[in-house]
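A short worksheet on the structure shown next.
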Amino acid sequence: MKYPYNDFGSWMRQQFPYKVQKISIDAGFTCPTRDGATGIGGCTYCNNRSFNPAYCGHERTITEQLEAGKRFFARKYPEMKFLAYFQAYTNTYASIDRLKAMYEEALAVEDVVGLVIGTRPDCMPTSLLDYLEQLRRHTFLIVEYGVESANNATLERVCRGHTFECSRETIERTHARGILTGAHIIIGLPGEDAAESLRQAPILSSLPIDILKIHQMQIIRGTLLAKEYQKAPFHLYTAEEYIDIICRYIQHLRKDIVLERFVSQSPDGMLIAPKWGLKNYEFTHLLVQKMQHEKIVQGSMAR
């Protein structure tokens, strides 16, 4: 399929001569918003169990999780290679020695050809960037930051524990090391309407990021936001509303930013709302249809 945006799948096929799949890892990290460093209870919307696959659990070693993930995906694509995706919680929130041991254990697993490290912008010390700069010289590496919003009032409301200025500064430091840099944002956070999201689009586009993940706001069981929503429900986008916002949003993004995904799909048993009944690929199909019908392309309104 020809996409009207710079899609992640096509970009990945340019990076590798073979099919590559991420395998999620839960390495037993926590976050500064959970352990008391900057807060207790975590970000109000976050329940990591909503996106950890069945083979992923910190009671297993990193090697065991990767081998289980390889078996899971090998049924369909036996010739596939893999990226170790340090996904759960903050995957740079430990001593340098412990982090090196974890990353290098993952890279020692057969057919693992690179790392994707998910973290927070307030958890990237210079000493770790020094190490990652060397690491990226001999393996594929993406560092992915949870930015979530460019609005500091929103970040405070959801107990994010850092500012947008922190995100910008850390992303700039990472990009300067030649490290592929990703960002993650959420559309529809409490207090942010469509106009606010569209205001932020060129701001996000001004960051020196290579890859962007965009997710819809979801209310997940077991979160502080779920309690807030049950007491005082706020508007959550329908699929049609969200598609319309995404169409407008990506017009303001630089054409070279790789767009990895637009939606998150949480397990039915954990998702309170919104329940769209769409698989990720079904959403993407509807989005592409609308973009093609309305002749919308990424970057058409970028500054």
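The values are calculated or read from the model by the stated rules, or taken from the named source; none is laboratory data. Because the structure is predicted, anything quoted here is derived from the model rather than measured. Cβ placement follows ideal geometry from the backbone for every residue including glycine, while neighbour counts extend to all protein chains displayed.
The set of residues from the stretch 279-298 being at pLDDT below 95 and outside any helix (DSSP H, G or I) comprises just one member, 279.
For the stretch 1-31, which positions are in a loop (DSSP other than H, G, I, E, B) and touching a Cys at 6+ places or on another chain (Cβ under 7 Å)?
Passing the criteria: only 26.
For the stretch 110-120, check the following and say yes or no: at least one residue is closer than 25 Å to residue 42 by Cα, of a type outside the set (D, E, K, R) and modelled with pLDDT under 95. So far as the stretch 110-120 goes, no, none of its residues is closer than 25 Å to residue 42 by Cα, of a type outside the set (D, E, K, R) and modelled with pLDDT under 95. Do you know which of the residues in the stretch 133-171 that are under 20 Å from residue 95 (Cα atoms) and more than 19 Å from the chain's Cα centre (by Cα) is surrounded by the fewest Cβ atoms within 10 Å (Cβ to Cβ)? Across the stretch 133-171, the extreme among qualifying residues is 134.
Is at least one residue of the stretch 66-87 buried (at least 18 other Cβ atoms within 10 Å of the Cβ), over 30 Å from residue 219 (Cα atoms) and within 20 Å of the chain's Cα centre (by Cα)? Yes, the stretch 66-87 contains a residue that is buried (at least 18 other Cβ atoms within 10 Å of the Cβ), over 30 Å from residue 219 (Cα atoms) and within 20 Å of the chain's Cα centre (by Cα). Filtering the stretch 270-302 down to residues that are of a type in the set (Ser, Thr, Tyr) and surrounded by fewer than 17 Cβ atoms within 10 Å (Cβ to Cβ), which residue is nearest to residue 256 (Cα to Cα)? Looking at residues that are of a type in the set (Ser, Thr, Tyr) and surrounded by fewer than 17 Cβ atoms within 10 Å (Cβ to Cβ), I get 300.
Of the residues 23, 40, 96, 62, the single one that is at pLDDT below 90 and among the β-branched types (Val, Ile, Thr) is 40.
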